[in-house]
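**Q** Below is the structure I would like to discuss, written out as structure tokens.
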Amino acid sequence: MQKECHICPISEYPIFETNHWKVFLSWDQNYLGRCLISSKRHVESLSQLTDEEMIDFHRVTEKLETGLKKAFPFTLFNWGCLMNHAFQEKPYNPHVHWHMKPRHDAPITFDGKTWIDTAFGKHYLPKTSDILPKEKLDKILAHIKLFIE
């Protein structure tokens, strides 16, 4: 019996999409601008992606990083494709997706909230979260969309 995919139904906070990828603002903004990039096709491993999907992913990274650097003074971007969550219980049901966490070497203030990257220059802090109210997420999303071309 196939378990329901936890990635396929994601639809909140869309930033943009391409032929092969969907880009969303993460509900967890422990890193301002944190995004989720999901394959539109339910594929279980990076090795199963087609050449066309990989080329398209490169375009996604260019568009997203360029737009986010215009929206906020980010210094660099951490990308991770870990998929560990899909293997916590059987039956396993992985879906290729990426987590992108913008990093910054100085505080960033937006809409009355300040983000300080206390681990800048080191591995990001994996067990932190900052679940913002929908209204604040909507404002971050709208701001980012102004700069995505």
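**Q** In region 91-113, what residues are assigned to a loop (DSSP other than H, G, I, E, B) and over 19 Å from Phe24 (Cα atoms)?
**A** Pro91, Tyr92, Asn93, His104, Asp105, Ala106, Pro107, Asp111, Gly112
**Q** Would you check if there is a residue in region 65-73 being among the hydrophobic types (A, V, I, L, M, F, W, C), open to solvent by 70 Å² or more (accessible area, probe 1.4 Å) and at pLDDT 95 or above? Working first, answer last.
**A** Initially, region 65-73 is screened for residues among the hydrophobic types (A, V, I, L, M, F, W, C), giving 68, 71-72.
When the remaining residues are screened for being open to solvent by 70 Å² or more (accessible area, probe 1.4 Å), the result is none.
So far as region 65-73 goes, no, none of its residues is among the hydrophobic types (A, V, I, L, M, F, W, C), open to solvent by 70 Å² or more (accessible area, probe 1.4 Å) and at pLDDT 95 or above.
**Q** Is it fair to say Asn93 is surrounded by 12 or more Cβ atoms within 10 Å (Cβ to Cβ) and closer than 13 Å to Glu44 by Cα?
**A** yes
**Q** Cβ-Cβ below 7 Å, separation at least six or inter-chain, first residue in region 125-149 and touching a residue at least 40 places away in the same chain (Cβ under 8 Å), second open to solvent by 80 Å² or more (accessible area, probe 1.4 Å) and of a type in the set (Lys, Arg): which pairs?
**A** Once the first residue is touching a residue at least 40 places away in the same chain (Cβ under 8 Å) and sits in region 125-149, its partners that are open to solvent by 80 Å² or more (accessible area, probe 1.4 Å) and of a type in the set (Lys, Arg) give Phe147/Lys70.
**Q** Here's something else I'd like to know. Would you check if there is a residue in region 46-61 being in contact (Cβ under 8 Å) with a residue 12 or more places away in the chain and in contact with a helix residue (DSSP H, G or I) (Cβ under 7 Å, 6 or more places away or on another chain)?
**A** no
**Q** Mind counting the residues in region 114-124 that are in contact (Cβ under 8 Å) with a residue 12 or more places away in the chain and either in a loop (DSSP other than H, G, I, E, B) or under 20 Å from Ser38 (Cβ atoms) (or both)?
**A** The number of residues fulfilling the criteria is 4.
The values are calculated or read from the model by the stated rules, or taken from the named source; none is laboratory data. Since this is a predicted model, take the numbers as computed values, not measurements. Cβ: placed from backbone, ideal geometry, glycine included. Neighbour counts: every protein chain shown. The area values use the complete protein model at the heavy-atom level, side chains included, leaving out ligands, DNA and RNA. Shrake-Rupley method; radii C 1.70, N 1.55, O 1.52, S 1.80 Å.
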